[in-house]
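First comes the structure, then the notes that go with it.
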Amino acid sequence: MADKAWGGVFNEATDSRVEGFTESVSFDRRLYAHDIAGSIAHAGMLAKVGLISKDECRQIEQALEEIRREIEQGGFPFKVELEDIHMNIESALIDRIGDVGRKLHTSRSRNDQVATDMRLWVREAIGQIDEQIIELQRAFVGRCGADADVILPGYTHMQRAQPVLAPHCWLSYCEKFQRDRGRLADCRRRTNILSLGAAALAGTSLPIDRDDVAERLGFDGVMANSIDTAGDRDFLVEFAFVLAMIAEHLSTWAEEWIIWSTDEFNFLKLPQAFCTGSSIMPQKVNPDVLELIRGKTARVIGNLQTLLVLIKGLPQAYNRDLQEDKPPLFDSFDTVKASLELAAPLVADTELNRPAIAERLNRGHLDATALMEYLIRLDIPQRTAHALVGRLVRKALDRGVRLKDIPIDDFKAAHAKLDESVYDVLGVEHSVAAMTSYGSTGPDQVKEQVKRWKERLSATKE
Ligand code: ARG
């Protein structure tokens, strides 16, 4: 057992099946840079408070940098017997500098070490996802100019409802993703707190300086209770939730565009570079990327569930179960990252099929609500106006015409207050133009919102 850092008390060797079962280095090796950064900060603090000498600190730092390079160049011999990334790095450090390396773990436990690594990793991952979301928002806003005058049928219950401007649809996604950015920022606040110094669960009798470590690592504060610190994984469950929310938003968009790309809708043409074919039906061009963005959302939701169940009823402080936090979290991050990477170019490169959209706008009496609101402006009570327009739509349906094709005499017969000005609100263009409330699809409102989004995105760093 001499090769195990914790082997002193053991008389028997570890069963090799147990080594295979308990190891995490196969998946936590991706924490290497965060682990090394944490160790360098920790060593710096140890030197500052006099627990190691300045020279020992320098040796540790140098050796850790060497190990980092070795890992990055692919030459580092990861060993399953050494369990995890922390022990692999520490053991390599001791191989290089002997007893000085044996001092690094002073006043530290793997419990506060792994928590720190995870906080550093989540902090970085939040930054990456945030940048990708901004890219996606840029893609949506980037379309707004060219699509400014495109009117789309808006749906509720998947039934044609009211006309909306295409940029209004694009910005609806920007808003959802902006809320996700808010969630990321919020999650970052609770993530960016230092765990190191909690040691195993009780803190330490050694004269450490936790604020110093926090400052070296760019944390905004220090966890206040060592028992809580050792077992807290709230921050990463939160991140998994935000990733699930982002995946949900991507899935909504993917679903909409899959439907719009069908021959039945034919609203848009997906770039062929983002489609794949069928092995049996030669004519097919399938929206597989969108389908997989939608499909992978299931995994991301599942991972959140896994993490919530993992911590459910777990005793306080560290329990080995917590090692299982990594695969689902990493998977959620990788999945959402990959989806966002494809979403932005798909949004930018997809073409709207304007003639097909325009041709269908006349169906479905999309202007009925605008007509009703026109009647309300003539001081006809809403319920009366609703019923009246309902009867006019019935008339149009029976005759197979649009509302604007109904002759003026029929309108006048429907209500004494009606005159020729009724035609000013009929037709989808008029109907869209009539919208003026804040956040509505009216052209002035949408123009304002596009402007607001352009300003917001140009104020956001590249
Ligand atoms: N590989 C472990 C994990 O990811 C590191 C912490 C191990 N701590 C311990 N006391 N065995 O959770």
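I'm trying to understand the selection: among the residues of region 323-340, which are open to solvent by 60 Å² or more (accessible area, probe 1.4 Å) and without any contact (Cβ under 8 Å) to a residue 60 or more places away in the chain? Don't jump to the end; show me each part of the working.
Quick first cut of region 323-340, residues open to solvent by 60 Å² or more (accessible area, probe 1.4 Å) only: 324, 334, 337.
Listed by number, the residues that qualify are Glu324, Asp334.
Please find, among Arg17, Arg58, the residue that is at pLDDT below 95 and either away from the ligand (no atom under 16 Å from the Cβ) or not in a helix (DSSP H, G or I) (or both). Break it down into steps so the answer makes sense when it comes.
Numbers: Arg58 fails: at pLDDT below 95.
Exactly one residue qualifies, and that residue is Arg17.
Only one of Val428, Val432, Val422 is open to solvent by less than 30 Å² (accessible area, probe 1.4 Å) and in contact with a Gly (Cβ under 7 Å, 6 or more places away or on another chain). Can you tell me which? I'd like the intermediate steps shown before the answer.
Values: Val428 fails: in contact with a Gly (Cβ under 7 Å, 6 or more places away or on another chain); Val422 fails: in contact with a Gly (Cβ under 7 Å, 6 or more places away or on another chain).
Residue meeting the stated conditions: Val432.
Any residue in region 205-233 that is part of a helix (DSSP H, G or I) sitting within a Cβ distance under 6 Å of a residue that is among the β-branched types (Val, Ile, Thr)? List the pairs, counting only those 6 or more apart or interchain.
Matching pairs, first to second residue: Arg210/Val222; Ala214/Val222.
Quick check on my filter: what residues within region 311-322 are assigned to a helix (DSSP H, G or I) and open to solvent by 30 Å² or more (accessible area, probe 1.4 Å)? Working first, answer last.
Looking only at region 311-322, we keep the residues that are assigned to a helix (DSSP H, G or I), and these are 311, 320-322.
Hits for region 311-322 are Ile311, Arg320, Asp321.
Return the residues of region 71-124 that are among the charged types (D, E, K, R) and either within 16 Å of the ligand (Cβ to nearest atom) or in contact with a strand residue (DSSP E or B) (Cβ under 7 Å, 6 or more places away or on another chain) (or both); say none if nothing qualifies. Don't jump to the end; show me each part of the working.
Going through region 71-124, the residues among the charged types (D, E, K, R) turn out to be 72, 79, 81, 83-84, 90, 95-96, 99, 102-103, 108, 110, 112, 117, 119, 123-124.
Within region 71-124, Lys79, Glu81, Glu83, Asp84, Glu90, Arg108, Arg110, Asp112, Asp117, Arg119 meet the criteria.
Quick test of your reading of the structure: Pro327 fulfils all but one of (1) farther than 30 Å from Thr229 by Cα; (2) within 16 Å of the ligand (Cβ to nearest atom); (3) not aliphatic (A, V, I, L, M). Name the failing condition by number.
Here Pro327 meets the rest and fails (1).
So if I check each of Ala115, Ala146, which one is open to solvent by less than 50 Å² (accessible area, probe 1.4 Å) and of a type outside the set (Val, Ile, Thr)? Reasoning before the result, please.
On the way: Ala146 fails: open to solvent by less than 50 Å² (accessible area, probe 1.4 Å).
None of the others qualify; the one that does is Ala115.
Residues that are aromatic (Phe, Trp, Tyr), under 18 Å from Ala125 (Cα atoms) and open to solvent by less than 30 Å² (accessible area, probe 1.4 Å): does region 222-238 have at least one? Steps first, please.
From region 222-238, those aromatic (Phe, Trp, Tyr) are 235; that's our starting set.
The next check asks that each one be under 18 Å from Ala125 (Cα atoms); those that pass are 235.
Of the ones still in play, those that are also open to solvent by less than 30 Å² (accessible area, probe 1.4 Å) are 235.
Among the residues of region 222-238, at least one is aromatic (Phe, Trp, Tyr), under 18 Å from Ala125 (Cα atoms) and open to solvent by less than 30 Å² (accessible area, probe 1.4 Å), which makes the answer yes.
Would a scan of region 298-305 turn up a residue that is open to solvent by 70 Å² or more (accessible area, probe 1.4 Å), out of contact with any Leu (no Cβ under 9 Å at 6 or more places or on another chain), modelled with pLDDT of 95 or more and of a type in the set (S, T, N, Q)?
Checking region 298-305: at least one residue is open to solvent by 70 Å² or more (accessible area, probe 1.4 Å), out of contact with any Leu (no Cβ under 9 Å at 6 or more places or on another chain), modelled with pLDDT of 95 or more and of a type in the set (S, T, N, Q).
Go through the residues of region 154-164 one by one and say whether even a single one is closer than 21 Å to Lys451 by Cβ, outside any loop (DSSP other than H, G, I, E, B) and in contact (Cβ under 8 Å) with a residue 24 or more places away in the chain. Can you show your working first?
Quick first cut of region 154-164, residues closer than 21 Å to Lys451 by Cβ only: 164.
Pick out the ones that are also outside any loop (DSSP other than H, G, I, E, B) and you get 164.
Okay, now just the ones that are also in contact (Cβ under 8 Å) with a residue 24 or more places away in the chain, so 164.
Checking region 154-164: at least one residue is closer than 21 Å to Lys451 by Cβ, outside any loop (DSSP other than H, G, I, E, B) and in contact (Cβ under 8 Å) with a residue 24 or more places away in the chain.
Sort out which residues of region 24-49 are in a helix (DSSP H, G or I), within 14 Å of the ligand (Cβ to nearest atom), more than 13 Å from Asp112 (Cβ to Cβ) and open to solvent by less than 10 Å² (accessible area, probe 1.4 Å), and write them in order of number.
Val25, Asp28, Leu31
Is there any pair with a first residue in region 268-291 that is over 14 Å from Val347 (Cβ atoms) and a second that is at pLDDT 85 or above and acidic (Asp, Glu) whose Cβ atoms are under 7 Å apart and which are 6 or more apart or on different chains, and what are they?
From residues that are over 14 Å from Val347 (Cβ atoms), the pairs are Cys275/Asp288; Thr276/Asp288.
The values are calculated or read from the model by the stated rules, or taken from the named source; none is laboratory data. Predicted model, so just to flag it, every value in this text is computed and none were measured. Cβ coordinates were reconstructed from backbone atoms using ideal geometry, including for glycine residues, and neighbour counts include every protein chain displayed. Surface areas here come from the heavy atoms of the whole protein model, side chains and all, with no ligands, DNA or RNA. Shrake-Rupley method; radii C 1.70, N 1.55, O 1.52, S 1.80 Å.
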